[in-house]
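The block underneath contains the structure these notes are about, expressed in structure tokens.
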Amino acid sequence: MPQITMTFPEGKNKVVTMSYDDGKAADRRLVEIFNKNGIKGTFHLNSGLLGQGDRIPREEIAELFQGHEVSAHTVTHPTIARSPKAQLIEEVFFDRKMLEEIVGYTVRGMSYPNGSYNQSIKELLPHLGIEYSRTVNSTESFAMPDDLLEWNPTCHHNRNLMKLAEDFVQLHKTQYLYMFYVWGHSYEFDHDENWNLIEDFCTFIGNREDIWYAANIEIVDYLNAFQNLRFSADSQFVYNPSVMSVWLNVEGKFLEVKGGENTRLT
């Protein structure tokens, strides 16, 4: 039986993803920095607060975040672990509905407002169409998520960002998958007067051939596509029922398993 492991697209074993909350005006500058360096982000928005104060207005959302992911953050940003269940359902479900009307695609992820969540919320979210949700619990590690509804990031951008970036680019063991997940709020760069931090980071980490740059939902979809592969009993071939391709390392060689196809592995 051949030795088979999952890789990221094109045989890569590193992924970088960014996650920013609240949809404030500074997102415009952050998106520009991401685009310049080939980096993808997920932007978690409160649909009931769009256009209020310095928040980006509804009519700008679809164009601004094109190529990135718009994700839920509840309608009005309550501390949901302290909210009645009916309010929680409304906050999440109607946030999805309003954001989907704006961007024209299914919103399937979120980040917990105020970092607030509990086990009962995690159990409820799949019934509301949410497939992942990010916490604020930084790990300072590059491990893949064990629980997508309690998805812990690597770090906030103000916490050892460049040191972690230097460590990440030096990782070389191909038997592992590595994820660098950064979160924060773009307006913090204005408050802290440190836009140079994210600019330097993106210049350093971006546009590298050995890194996959993905929005949160792209990682989720890829992991699910791998789990949905149907291997033969002797692992000589595999059927991919998904639309997207999945890449495998088969005895040291990278192989693309295209969506909807039956692929021989040896």
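What follows is calculated from the coordinates using simple rules that are stated; it is not laboratory data. This one's a predicted model, so the numbers in the text were calculated from it and none came from an experiment. When we count neighbours, we look across all protein chains shown, and the Cβ atoms used for this are built from the backbone with ideal geometry, even at glycine.
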Legend entry - aspartates and glutamates whose Cα lies under 15 Å from that of LYS85, excluding same-chain neighbours fewer than 8 positions away: GLU123
Inset, instruction - Calculate how steeply helix 195-205 sits against the longest principal axis of the alpha-carbon atoms of the chain, using the helix alpha-carbon long axis, and give the answer as 0 to 90 degrees to the nearest 10. - result: 10 degrees
Legend entry - Set of segment 242-266 residues, backbone N closer than 20 Å to the point 7 Å along the Cα-Cβ line of ARG230: 242-248, 256-266
Legend entry - Fully extended contour minus Cα-Cα distance, from GLU140 to MET1, at 0.36 nm per residue: 46.4 nm
Inset, instruction - Mind pulling the angle between the C-alpha long axis of helix 85-103 and the longest principal axis of the chain? Nearest 10 degrees, somewhere in 0 to 90. - result: 80 degrees
Inset, instruction - May I ask for the Rg/Rh ratio of the chain, computed from Cα atoms with Rh as the Kirkwood radius, given to two decimals? - result: 0.98
Inset, instruction - Please get the size of the charge dipole for the chain, origin at its Cα centre, with Cβ charges of +1 on Lys and Arg and -1 on Asp and Glu, quoted in debye to the nearest 20. - result: 520 debye
Legend entry - FRET efficiency for GLU166 and LYS97, using Cβ-Cβ distance with R0 set to 45 Å, rounded to 0.05: 0.60
Legend entry - Over segment 119-266, volume per residue of the alpha carbon convex hull, in Å³: 147 Å³
Legend entry - Acute angle (nearest 10 degrees) that the helix 161-170 long axis makes with the longest principal axis of the chain, alpha-carbon atoms: 10 degrees
Inset, instruction - Let me have the 222 nm mean residue ellipticity of the chain computed from DSSP H runs of 4+ only, each contributing -39500 (n - 2.57), with the sum over all residues rounded to the nearest 500. - result: -9000 deg cm²/dmol
Inset, instruction - Restrict the search to segment 142-233; then list the trypsin sites (Lys or Arg not before Pro) that DSSP places in a loop and that have at most 10 other Cβ atoms within 10 Å of their Cβ. - result: LYS173
Inset, instruction - Filter the cross-link list LYS14/LYS258; LYS163/LYS258; LYS173/LYS253; LYS163/LYS253; LYS14/LYS97; LYS12/LYS258 down to pairs whose alpha-carbon distance in this structure exceeds 26 Å. - result: LYS163/LYS258; LYS163/LYS253; LYS14/LYS97
Inset, instruction - Report the calculated FRET efficiency for ASP190 and LYS85 (r = Cβ-Cβ distance, R0 = 30 Å), to the nearest 0.05. - result: 0.25
Legend entry - Range in the chain, longest, excluding exposed chymotrypsin sites (Phe, Trp or Tyr not before Pro) [loop by DSSP; at most 14 other beta-carbon atoms within 10 Å]: 1-104
Inset, instruction - Report, ordered by chain and residue number, the aspartates and glutamates lying within cross-link reach of LYS36, taken as a straight Cα distance under 17 Å and ignoring same-chain residues fewer than 8 apart. - result: ASP27, GLU63, GLU69, GLU199, ASP200, GLU209
Inset, instruction - Work from the charge dipole of the chain (Cβ charges, +1 for Lys and Arg, -1 for Asp and Glu, about the Cα centre) and give the residue of ASN46, VAL103, THR5 farthest towards its positive end. - result: THR5
